[in-house]
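No lab work stands behind these numbers, since they all come straight from the coordinates. This is a predicted model, so every value here is computed, not measured. Please note: Cβ atoms are built from the backbone with ideal geometry, for glycine as well, and neighbour counts cover all protein chains shown.
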Amino acid sequence: MNGGLIQFARGFHATSASAKAKISVVEPVHHLVKYKKWHLKPSMAPFLIPKNSPESHRYRPATTRQDRILEHYNNTIASDLLLITHKHESTNKLGVKTREWSGESPYHINRPAKPPRGNRLVPTQDIKVRTNKNLPVIEKVTVETYDKTCVHAAENYIPVKVMLQQITSTKPTLIYAKKNIPTWNLRRGMVMGAKVELGGRAMTDFLSTLSLIVLPRIKEFKGIKNTSGDGSGNISLGLTAEDIRHFPEIEANGEVWNKLSGCNIIIHTSAQVDPDARTLISGLNLPFTGKEKIPSRV
Amino acid sequence: MSMNCRQIRLGQALGRISRSYYSTEATSHIPSSTTSSLSTEQGSYVAPSPEQLAESRSKIRAGLILSRTPIVTPEVKPFEESYYNYQQELERRLMWTFPKSFYFKKGSMAEHKFNLAQKKPIQSVKGVFYERGIPDIKLGRERRFKQEVVIPLAEEEGADSGSANGADIDSVARRIMPEPRITEADKSNDVASLSRKLDRTLYLIIKQQKTWKFPSFSLEGDVELLHEAAERGLRQIGGTGMNTWTVSSTPTAVIAGTGSIKEFFIKSHILAGQFSAIKSEIEDFAWLTKEELKEKFDKQYYETLEPVISEQ
């Protein structure tokens, strides 16, 4: 609200946001963190220790062993990727963006921005000239499971959560319904399933289990569909409940699992367009199939 | 499959790239009146005559940097190893207690075997001095240290079925033994073998006229592209018994030699098979790492290509 384009507009609140109590926990004082009075009691002191310090109760060791996929990326994939995605005499290209309102009228406050020009509703990223500094990397992997039986039996999220924890070795978080859909008996706030966001060693372990053990055992698997992708470098694939059985963690005691659910796996990359993301992911033994559509803005 | 699509797309891109390279080559040799007619910017592209084409193509050579990528992870240095050990100890200390009831049904034989294999923690008794501190036990776990979960081995029932000496190689119950990182080729220093230096990138170099260089070929015909020439030339000197993958049709390096000859290097990986030298074409060949290449190559040649050779 403060310091933005529409600074002149009157804010209809008693205290301005900038007048609230702030504190700096690190030197030099370059940014301030807002706090409430109860944050200052002695029992909250451990929270001031940074999370990456072994002193903190939230500390989790990250580099517990050599990362095989990271080594492969650094030694082989990165230089190949630079060559493959290189375009001769290319220039920076701006993507289409949402259009903010000018702020001339007080009615512009809180009015949602207009969609980009043309028939595209979703903004696209800028495409920069490829250099060794902006090579695409895999940023994170999200594994998510929705179980529609949770609508009738809310406790059904438990096996879903345990399953995700087993195959990813990371604690999942729950997913809640965002809106009411009366025909499905769905109400806002109902638990719908679980998801887990992976990074670092957990992510590369999951990707190598997927590419070396799980996907080769699926008879119908021909490759990730080339139509998959959200247009800004994030590729997703789905596994059915039968496919999940191929994970060694599930297979080891398969009789325990009465009911398994399928899952969506989303591989988030820093590529600006899907073809670059596919090139990167195919370097990790994850093949693609089908006709590839190259966007015109590439 | 996506690679095929990409190859086709890159092939189209190369058409564009090679033409631009070609036009810069051509402009330096063709009279200025012809140069203006070659320029695409003026909207009238006139194809060069066959003589002009052959002359400019004869000044281009397709080099090949064929590599075998690392097969195993690099050797861990002692400092890294101790750091990883420290982090692992911390991770195991912070781990949740093993949920035994989830994996083993209560009262089952499997649970009994698992229980027998576990080491029991020392119980806390009043009035006893404990050297490592007073035990803090919750649900059968010593909470001050990492939990050691011992998996009962199936081999203990019948030692003969899971013998490590490879007596029954087809048995699924056999113990998995890792292969050594140092191979026979490393011991005998066989530079012609692809199974040497498993944790390093190896590059193919050949000896022609008593000089060690990366393979290099001239372009054939009127339409052969750089990467096509490199792939064809490799089969001519090394036979057809190998699978290679050309990374891109874009060259990775260039050497401007004497007499306005330019050598463009195409990058490729060997995926399967062997390079079997054809004696009439080359004197010798070797698969070498970066440090070994430095010894074999001419100093200037090495320094030009050094940035595109992998450290690891």
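Length gained on full extension, A:Ile213 to A:Leu40, computed as 0.36 nm times the residue gap minus the Cα-Cα distance: 57.2 nm. Checked against a 30 Å cut-off, the cross-linked pairs A:Lys171/A:Lys293; A:Lys133/A:Lys293; A:Lys259/A:Lys291; B:Lys77/B:Lys146 give Cα-Cα distances beyond that limit for A:Lys171/A:Lys293; A:Lys259/A:Lys291.
Counts of other chain beta carbons within 10 angstrom of each beta carbon in peptide A:78-88 average 6. Taking amide hydrogens as modeled 1.01 Å from N in the peptide plane, which residues meet the under 5 Å criterion relative to A:Met192, leaving out close sequence neighbours? Residues meeting the amide H criterion: A:Ile175, A:Tyr176, A:Ala177.
Arranged by the count of other C-beta atoms within 10 angstrom, fewest first, what order do B:Ile206, B:Ile278, B:Ile309 take? It would help to have the intermediate numbers written out before the result.
Working: B:Ile206 22, B:Ile278 11, B:Ile309 19.
If I rank by nearby Cβ atoms, fewest first, I get B:Ile278, B:Ile309, B:Ile206.
Taking R0 as 56 Å, what FRET efficiency do you get between B:Ser49 and B:Gln88 from their Cβ-Cβ distance, rounded to the nearest 0.05?
Working: r = 70 Å, r/R0 = 1.25.
It comes to 0.20.
Tell me, how many Å apart are the Cα centres for region B:68-84 and for region A:126-180? Going from one Cα centre to the other spans 31 Å. Mark the label point 7 Å from the Cα of B:Gln312 along Cα→Cβ and return the residues of region A:74-94 whose backbone N is within less than 11 Å of it. From region A:74-94, the list is A:74-79.
Inverting the pair-averaged 1/r between distinct Cα atoms of the protein assembly as shown gives 30.4 Å as its Kirkwood hydrodynamic radius.
Let me make sure I get this right: for chain A, a, b and c are the square roots of the gyration tensor eigenvalues over alpha carbons, sorted descending. Under 1.5 in a/c it's rounded, otherwise prolate if a/b > b/c, else oblate. Which is it?
Numbers: a/c = 1.44, a/b = 1.20, b/c = 1.21.
The shape class here is rounded.
The label point for B:Val150 and the one for B:Lys77, both projected 7 Å from the Cα toward the Cβ, are 3.8 nm apart.
Normalising the average separation of contacting C-alpha pairs (under 8 angstrom, six or more residues apart) by the number of residues puts the relative contact order of region A:138-289 at 30 percent.
Taking neighbour Cβ counts within 10 Å as the exposure measure, how do A:His246, A:His39 sort from fewest upward?
Working: A:His246 17, A:His39 14.
Ascending number of Cβ neighbours within 10 Å: A:His39, A:His246.
Shown for region B:78-156 is the translational diffusion coefficient from the Stokes-Einstein equation, using the Kirkwood radius over Cα pairs, a temperature of 37 °C and a viscosity of 0.692 mPa s: 219 µm²/s.
Rounded to whole Å and ordered largest first, report the semi-axes of the equivalent ellipsoid of region B:170-273 derived from its Cα gyration tensor (root of 5λ). Write out the running numbers ahead of the final one.
Numbers: eigenvalues 244, 59, 31 Å².
They are 35, 17, 12 Å, listed largest first.
Per-residue ellipticity at 222 nm for the protein assembly as shown, helices alone: DSSP H runs ≥ 4 residues times -39500 (n - 2.57), over residue total, nearest 500 deg cm²/dmol? The partial results should precede the final answer.
Numbers: 17 runs with 154 residues, N = 610.
Result for the protein assembly as shown: -7000 deg cm²/dmol, rounded to the nearest 500.
With each label modelled as a point 7 angstrom along the Cα→C-beta vector, the A:His31-A:Arg58 pair spans 1.4 nm. At what distance in nm do the modelled label points of B:Glu303 and B:Ser188 sit from each other, each positioned 7 Å from its Cα along Cα→Cβ? Result: 3.9 nm between the two label points.
For region A:192-202, putting each phi into the Karplus relation 6.51 cos²θ - 1.76 cosθ + 1.60 with θ = phi - 60° gives couplings of 10, x, 9, 9, 9, 9, 10, x, x, 4, 4 Hz, in residue order, rounded to whole numbers and with x for Gly and Pro. Summary value for region B:207-312: 28 percent relative contact order, contacts being C-alpha pairs under 8 angstrom separated by 6+ residues. Rounded to the nearest 0.05, the FRET efficiency derived from the C-beta distance between B:Asp136 and A:Asn285 at R0 = 35 Å is 0.20.
Straightening the chain between B:His112 and B:Glu295 buys 59.6 nm, computed as 0.36 nm per residue apart minus the Cα-Cα spacing. Among B:Ser171, B:Ser56, A:Ser53, A:Ser296, what is the fewest-to-most ranking by other Cβ atoms within 10 Å? Lowest to highest Cβ neighbour count: A:Ser296, A:Ser53, B:Ser171, B:Ser56.
Taking a straight Cα-Cα cut-off under 16 Å and skipping sequence neighbours fewer than 8 places away in the same chain, the lysines within cross-link reach of A:Lys178 are A:Lys148, A:Lys195.
Could you state, as a whole-number percent, how many of the C-alpha pairs of region A:138-289 are farther apart than 25 Å? Distances greater than 25 Å cover 32 percent of the Cα pairs. For chain A, relative contact order (Cα pairs under 8 Å, six or more residues apart, normalised by length) works out to 16 percent.
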